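Shown next, in C-alpha cells, is the structure this report addresses.
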Number of protein chains: 2
Amino acid sequence: MMNNINSSETAMLDFSAWATEKQARIENVLNSTLPAANAMPQTLHNAMRYSALEGGKRVRALLCYAASELCGTDTKVADAAACAVELIHAYSLVHDDMPCMDDDDLRRGKPSCHKQFDDATALLVGDALQSLAFEVLSQTGLCAQTNHQISMLNILAKASGSTGMAGGQAIDSASVGKTISRADLEQMHQLKTGALIQAAVLLGGINGNIVKITALSTYAKNIGLAFQVIDDILDVEADSSTLGKTAGKDANNNKPTYVSILGLTDAKQHAQQLYNNALDALTPFGESALRLHELAGFITQRRF
Amino acid sequence: MMNNINSSETAMLDFSAWATEKQARIENVLNSTLPAANAMPQTLHNAMRYSALEGGKRVRALLCYAASELCGTDTKVADAAACAVELIHAYSLVHDDMPCMDDDDLRRGKPSCHKQFDDATALLVGDALQSLAFEVLSQTGLCAQTNHQISMLNILAKASGSTGMAGGQAIDSASVGKTISRADLEQMHQLKTGALIQAAVLLGGINGNIVKITALSTYAKNIGLAFQVIDDILDVEADSSTLGKTAGKDANNNKPTYVSILGLTDAKQHAQQLYNNALDALTPFGESALRLHELAGFITQRRF
C-alpha cells in the first residue's frame with residue numbers, strides 16, 4: 001500500500017541507518033536508566049527490564065529524537081524525553097495485556113509480563129515504570145531552562161492520564177461490542193495512542209519556537225492517528241508471528257476499528273490522507289524536517 | 001496504649017480543629033483537581049472520584065501541611081503537594097485491593113474500587129491517579145523557584161517507584177508465608193509506607209533550609225515506621241467495621257508483621273520508641289513544630 005511514499009531509496013537507506021543508531025541509543029539509555037536486575041526488589045526490577053528493554057521499533061523515541069533535531073534540543077534532554085515516553089509506553093503495554101484488560105499472552109514476540117511473571121508483578125511493573133518516567137524527567141539539572149523541564153513533565157503527565165492515554169484505554173474497554181461513530185473512534189484513538197505520540201514529538205521539540213511547536217502538534221496529531229489506522233489494518237492483514245502479538249485480536253474481541261467502521265480500502269485511504277496532512281505541516285521546514293518526514297513514511301509503510 | 005503522649009487536652013482540641021480544617025481543605029483541593037464526574041470518559045472519572053474523595057484521615061496531607069507551616073512554604077504549593085501525595089496514596093490503595101494483590105473487598109468502609117466498578121476500571125483508575133499527581137505538581141507557575149518544583153516532582157517520583165512504594169509492595173507480596181528478619185520487615189515498610197510519608201513531609205517542607213529538611217527527614221522516617229507498626233497492631237486489635245477495611249487480613253494471609261515478629265507488647269514498645277525518635281528530631285524548632293509534634297501523637301494514638 002501507499003507506493004507513492006518515499007520513492008528515494010537513498011533517503012530510505014540514510015533513514016534506516018539513522019533509525020538503527022537511535023534505536024541502539026534509546027536501548028542504552030533505557031538500560032542505564034532502569035534499576036539493575038540484581039537491585040532489590042529483584043523480581044520487580046527483572047520484570048521491569050524484561051518489559052521495557054529490547055522492545056519494538058521505538059517509534060515514539062524516534063519521533064522524539066527527530067523533533068529534537070529539528071528544534072535543536074540538547075541531546076541529554078532528548079535522551080531523557082525519549083526514555084520517559086518509552087517507559088510510559090512500556091507500562092501501558094504491560095497493563096493492557098493483563099487478564100482484566102486485553103488478556104494477551106504475547107507481546108513483542110515474547111510472553112507478556114504477567115505470563116512470564118505473574119499478575120501482581122505485572123501490575124507493579126506498570127506502576128513503577130510510570131513513576132520512573134517522571135523520575136527521569138525530573139532529574140536535577142536536566143534542562144538549562146527549568147521552565148522547559150516543568151513543561152515536559154506536564155505534557156507527559158497530561159498525555160498519560162485520564163484525559164490522555166488511560167482515558168483512551170477506558171473508552172476502548174467500554175466500546176467492546178458496541179457500534180460507535182467514526183468521530184468517537186477517532187477521539188478514542190486520539191487519546192489512547194495519539195496523546196503519547198504527540199507528547200513524544202512535543203517533548204523532543206521542547207526547545208522549538210511557537211511556529212515549530214504548532215507545526216509539530218499538527219504533524220503529531222495526524223501521524224498518531226495514522227499509526228492507529230495502520231495498527232487496525234495490520235490486525236486484519238498480518239499474522240501473530242510477524243506482528244509479535246496476537247493478530248485478529250480486535251475482531252475476535254468485537255472491538256470497533258477503522259477497518260470495521262470504514263472497511264479495509266477506506267481505512268487505507270484514510271491513513272494516506274493523515275500521512276499527507278502530517279507532511280503538509282512539515283513543509284515550511286524543508287530539509288531540516290527530513291527525519292520527521294521519513295518517520296511518517298516509516299510509520300505508515302510498516303511492512304510485516 | 002501510650003498514655004503518656006499528649007497529656008494536654010487543650011493542645012489536642014486545638015490540633016483537632018486544625019486537622020479538621022486541613023482535612024476539609026484537602027478534600028476541596030482534591031475535588032477541584034479531579035476531573036468532573038460528567039467529563040469523558042465518565043466511568044473512569046467517576047471511579048477516580050469514588051477512590052480519591054471522602055477518604056480516610058488524610059494523614060499524609062496533614063503531614064504535608066504541618067511541614068509547610070514549619071518551613072513557610074507557600075499555601076498554593078502546599079495544596080498541590082498534599083493533593084499529589086494523596087493521589088498517589090489513593091492510587092496505591094486501589095491497586096493494592098485488586099484481586100491479583102490483596103484481593104480486598106472493603107476500603108474506607110465502602111466497596112473497594114474494583115468491587116464497585118470492575119477490575120479493568122480499577123487498574124486504569126490507579127494508573128490515571130498516578131499521572132494526575134504528577135500533573136498537579138507540574139502546573140506552570142506553581143512555584144516561584146522552579147528548581148523547588150522539579151525537586152518536588154523528583155522526590156514524589158522516587159518515593160512512588162520501584163525503590164519506593166511500588167518496590168515495598170513487591171517485597172510485601174513476595175514475603176507472604178515466609179519468615180523474614182526484623183531488619184527486612186523494617187526495610188519493606190520503609191519502602192511500602194515510609195517512602196510516601198517521608199515524601200509528604202519533604203514536599204511540604206520544600207521551602208525549608210538544610211537544617212529543617214534534615215530534621216524533617218528523621219522525623220518522617222520514624223513516624224512513617226511508627227505508622228506501619230500501629231497499622232499492624234490495629235490489624236490484630238481492631239475489627240473491620242471500625243477499621244473501614246478487613247481486619248485480621250495480614251494474619252489470615254500469612255504475612256509477616258511487626259506483631260508476628262516482635263509480639264504485641266514489643267510492637268507497642270517499638271512504636272513508642274519510634275514516636276520518641278520523631279519528637280527528638282523536632283526539638284530544635286520548639287513551638288514552631290507543634291503541628292508535627294501533635295501529628296506524631298495523632299498517628300501513634302489512633303483509636304478505633
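FYI, it's all coordinate maths here, none of it is from the lab. None of these values were measured; they are calculated from a predicted model. All Cβ positions, glycine included, derive from the backbone under ideal geometry; neighbour counts span all protein chains shown.
Per-structure values
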read-out	value
Total charge dipole magnitude, the stretch B:42-178, about the Cα centre, Cβ charges on Lys, Arg, Asp, Glu only, Debye to nearest 20	280
GNM result for chain A, Cα springs below 10 Å: residue of A:Leu262, A:Leu282, A:Leu292 fluctuating most strongly	A:Leu262
Cβ-Cβ FRET estimate between B:Asn147 and A:Ile210, R0 fixed at 22 Å, reported to 0.05	0.30
Shielding by partners - mean other protein chain Cβ count within 10 Å, residues of A:103-112	0
Value at 222 nm in deg cm²/dmol, rounded to 500, when DSSP H runs of n ≥ 4 in chain B each add -39,500 (n - 2.57)	-22000 deg cm²/dmol
Using a 7 Å Cα-to-Cβ projection, B:Arg182 label spacings across copies, nm, ascending	7.1
Within the stretch B:113-134, backbone nitrogen closer than 14 Å to the virtual label 7 Å beyond the Cα of A:Asn254 toward Cβ	none
Length released on extending from A:Asn38 to A:Thr140, taking residue separation times 0.36 nm less the Cα-Cα span	34.2 nm
Percent of alpha-carbon pairs separated by more than 14 Å within the stretch B:116-190	72
Reciprocal of mean inverse Cα separation for the protein assembly as shown (Kirkwood radius, Å)	25.0
Kirkwood-based Rg to Rh ratio, chain B, C-alpha trace	0.94
Unit charges on C-beta of K, R, D, E only; dipole of the protein assembly as shown, Debye	580
Other copies of B:Asp266: label-to-label distances in nm, shortest first, labels 7 Å along the beta-carbon direction	7.3
Listed residue (B:Gly168, B:Ala81, B:Gly224) projecting farthest to the positive dipole end of the stretch B:9-301, Cβ model	B:Ala81
Nm distances between copies for A:Ala39, ranked from closest, using label points 7 Å along Cα→Cβ	3.4
Residue exposure sequence - A:Phe134, B:Phe15 - by fewest surrounding Cβ within 10 Å	B:Phe15, A:Phe134
For the stretch B:125-176 and the stretch A:269-304, distance of Cα centres in Å	36
